[in-house]
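Below is one structure, written out as structure tokens, with a few remarks after it.
The values are calculated or read from the model by the stated rules, or taken from the named source; none is laboratory data. Everything numeric in this text was worked out from a predicted model, so none of it was measured. All Cβ positions, glycine included, derive from the backbone under ideal geometry; neighbour counts span all protein chains shown. Just the protein is used for accessible areas: all its heavy atoms, side chains included, with ligands, DNA and RNA removed. Shrake-Rupley method; radii C 1.70, N 1.55, O 1.52, S 1.80 Å.
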Amino acid sequence: MNINLAQLRAFTAVLDAGGFGAAGEQLGISQSGVSHTVAAMERELGGPVLVRDRGLPRPTAFGERLLPHARSALAAADAINNLAAQRDGLPSGTVRLGAPPTVCQALLPDLLTRWRQELPRVSVTVFEGQDDEITDWLEAGTLDLAVLVDPSAPPAGSVRVAADAYGALLPADHPLAGEQVVAADELQDDAFLFCGCERYIREAHRRVGVPFRPTHRVRELATLVAMVRSGVGVSIVPGLARALLTPGTVFVPLRPRLTRALVLTGPAARPWHPTAAAVVQACAPIGGCEESPANPVRPRNVPSRRAKTSSRRPTADISSVDINAPGRR
């Protein structure tokens, strides 16, 4: 039996990219080349490793057992190549990085620019996904690094790249749009739109003693912004979501203050890719910042076109909430 790295790369690429054509683009070969490479691997192994149907390719039972070993072998080969390339002291190679949508939209552009300047021989490939997907991809070996939201026990070497504060997303003519802060109980008269971050939004409601009852649930943040702009309702979003704000919408910081820590980290259960460690180290100087470096929170002062009817508590009542503090539910 003679299984080679090219076959393992084709096999994992089909699953990661979601198809033979996409895998070919990722690997720089034709779709038929990927198909022939995987078929050659299956002949060597004496059975299929992929189920080919009209939907997305998926591993067979044997392919599922083979997949973690294939990833480990590829990671080891990449590490050897990168160690050899680093004999001159300059990190090089490709690092696969996963992050949630708001991080990809608002934080990663600045980080990618920084990495290009400080690590010119390193290429960072970005994978966007939801929080739970990214965690699974990181531990399965699909990713080398990930930006995780409030990880419980990040491994040594991890760096906090931002502390992202939540706020209310409102139409520009909303009665509360000109306020410096707003609480979840003050949004009860409006339809509430929900788009992820459920753990934190529930906490914002629990802190002020009101139920979390979303009227509409949407998947895409851009859809949420468009609906708020049109006056369908209001929402609570992380501060990084301001990268998608359009004229007609405003972001007002939340009271009590509620933040999430964004941590750049590698896998907890296996050694880090050598080049991935260099990427994390290049971020160390900005670890622990209180807000997104690119989007500091600034209180809004937008004139309201509606009659202002809400009663306000004093601004001095602002307090900070750590959702991971002991006793949190």
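If you scan segment 227-245, which residues turn out to be in contact with a helix residue (DSSP H, G or I) (Cβ under 7 Å, 6 or more places away or on another chain) and assigned to a loop (DSSP other than H, G, I, E, B)?
Residues satisfying the conditions are Gly233, Leu245.
Taking into account only those residues within segment 53-68 that are open to solvent by 80 Å² or more (accessible area, probe 1.4 Å) and over 26 Å from the mean Cα position of the chain (by Cα), which is modelled with the lowest pLDDT? Spell out how you get there, then give the answer.
Of all residues in segment 53-68, those open to solvent by 80 Å² or more (accessible area, probe 1.4 Å) come to 54, 56, 58, 61-62, 64-65.
Now drop any that are not over 26 Å from the mean Cα position of the chain (by Cα), which leaves 54, 61-62, 65.
On the way: Arg54: 72, Ala61: 93, Phe62: 93, Arg65: 91.
The selected residue is Arg54.
In segment 32-52, how many residues are open to solvent by 50 Å² or more (accessible area, probe 1.4 Å) and over 17 Å from Gly19 (Cβ atoms)?
Quick first cut of segment 32-52, residues open to solvent by 50 Å² or more (accessible area, probe 1.4 Å) only: 32, 36, 43-44, 46, 48, 52.
Retained after the next criterion (residues that are over 17 Å from Gly19 (Cβ atoms)): 43-44, 46.
Counting residues in segment 32-52 that are open to solvent by 50 Å² or more (accessible area, probe 1.4 Å) and over 17 Å from Gly19 (Cβ atoms) gives 3.
Output yes when any residue across segment 155-166 is small (Gly, Ala, Ser), open to solvent by 10 Å² or more (accessible area, probe 1.4 Å) and outside any loop (DSSP other than H, G, I, E, B), and no when none is.
no
Which one is modelled with the highest pLDDT, of the residues in segment 179-226 that are part of a strand (DSSP E or B), open to solvent by less than 60 Å² (accessible area, probe 1.4 Å) and in contact with a Phe, Trp or Tyr (Cβ under 9 Å, 6 or more places away or on another chain)? Before the answer, list the steps.
First, pick out the residues of segment 179-226 that are part of a strand (DSSP E or B): 182, 192-194, 216-217.
Those still in the list that are open to solvent by less than 60 Å² (accessible area, probe 1.4 Å) too: 182, 192-194.
Adding the requirement that they be in contact with a Phe, Trp or Tyr (Cβ under 9 Å, 6 or more places away or on another chain) leaves 192, 194.
On the way: Phe192: 95, Phe194: 90.
Here the residue is Phe192.
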